[in-house]
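Okay, so here's the structure we're looking at.
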Amino acid sequence: MKRLFFVLAVGLALVAHGQVAVVTSNERVPGIDEPGFYPQLSQDGRRLVYSSGEAQGLRLYDFDSHRSTTISDGNGAGLGAKFGPDGNVYYVTQALGDGNLVYRTGHCYNVAQHTSQVVLEAQHGAVRAVAGRGGVAIRGSKRSYASSRNMGTSVYTEGSKVYITTAGKTVAYSPVESWAGYIWPSLSPDGKKVAFVAAEKGVVVIDLTGRVLAMLGKYQMPAWYNNDYIVAQNAHDDGHQFTSSQIMLLKADGTCKQALTASTSMTMQPASAAGRIVYTTIDGLLYEMTIAINPQNSASR
C-alpha cells in the first residue's frame, strides 16, 4: 500500500509539472518465469506472444489465466510473429535444407483450437508475416499466403522503400534517404498513419500517401500506443554490447516525448495494444506497464 501511494504521488507530481504521462503500474508479467523476448500483443491486448529464446520457440500467454502455451519450438518462430484480426497467430520457422540453404515455412496457430498448420510451404529466400487491418499475409520471394481475400490497409518495408497497401493497391514510397534501409513498420490503430525506422534518421511517421508527418528521433522498434502516441526503444551500444536502453513515449507529431523507464534499466522491445504496454529487459524479464496521458497533451481528434 505504501508503494502504491508513493507511485501515485509521484505520478500526480509529474502531471503537475507538465509531463506527458504518468506510469500508473509497472510489474513483471505474472506467471512467466522463463526469459521472453520480442513480445507482441493481440489487438485487444488480452494475449501476448513472445520468443522463449533469442531466436528460438514461440509462446502464447493469456492475461486472464496467467498461463503460457508453447506454439512452436521451431527455429526463428519467435521472430516477427503476428496476431491477425481473427485472433490467430501467424509465424515463420526456418531450417537448413539441401546445400545448407535456409528454407522458411509459414504457419498459422489457431488460438481457439490450440493447433498449428502450415499455410505456406518451405521456400528458400526471405519470408515474413505482414499484418493488415483485414488479415495477415505471409510474403515469400516465390510464393505467398493471405489469411483473407481482403487484407485491408497494410504496410511492410524492403530496402529503402515502404510499401503501403490501400484498397487493394500497393504503392512503394521512399520518403527519407536511408542507404541502410527501413525497418520496423507499423500502422496506427486507425490505419491512417505509418511509423517506421530509417536506419540513419530514426523514427519516421508518414501518412498513407508517403508524406512525412514527423521525424521523432533516433529510437528503435516503434509501436503505436494509440493514434497519437508511440512507444519506442532508446538503446545505445559501444559496438559490442548495449550500454543503456529504456522505453520512451513519443507523441506522433513530434511535439513531446518522455522516458517511461530509466536509461540504466536495460529495458527494450516494447509492444502495445488496448492501453497495455509490454516490454522486456536485456535478461528477458517481461514487464507490463500502464500509463495515463496528461489531458493537456491529449490530441482532440
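Side notes on the structure shown:
- For segment 232-261, a residue qualifies if it is under 24 Å from residue 33 (Cβ atoms) and either open to solvent by 30 Å² or more (accessible area, probe 1.4 Å) or assigned by the TED database to the domain that holds residue 82 (or both), and exactly one does: 242.
- Members of segment 194-213 that are assigned to a loop (DSSP other than H, G, I, E, B) and within 15 Å of residue 172 (Cα to Cα): 208, 209, 210, 211
- Subset of segment 132-154 [touching a Phe, Trp or Tyr at 6+ places or on another chain (Cβ under 7 Å) and closer than 21 Å to residue 225 by Cβ]: none
- Conditions (1) surrounded by fewer than 14 Cβ atoms within 10 Å (Cβ to Cβ); (2) among the basic types (Lys, Arg); (3) in contact (Cβ under 8 Å) with a residue 40 or more places away in the chain; number of the one not met by residue 193: (1)
- Considering segment 214-231, the residues that are in contact with a Gly (Cβ under 8 Å, 6 or more places away or on another chain) and part of a strand (DSSP E or B) include one that is surrounded by the most Cβ atoms within 10 Å (Cβ to Cβ), namely 216.
- Residue 155 open to solvent by 20 Å² or more (accessible area, probe 1.4 Å), in a strand (DSSP E or B) and not acidic (Asp, Glu): no
The values are calculated or read from the model by the stated rules, or taken from the named source; none is laboratory data. Because the structure is a prediction, the values reported are computed rather than measured. So basically every Cβ, Gly included, is an ideal-geometry build from the backbone, and we count neighbours across all protein chains shown. Heavy atoms of the whole protein, side chains included, go into the accessibility calculation; ligands, DNA and RNA do not. Shrake-Rupley method; radii C 1.70, N 1.55, O 1.52, S 1.80 Å.
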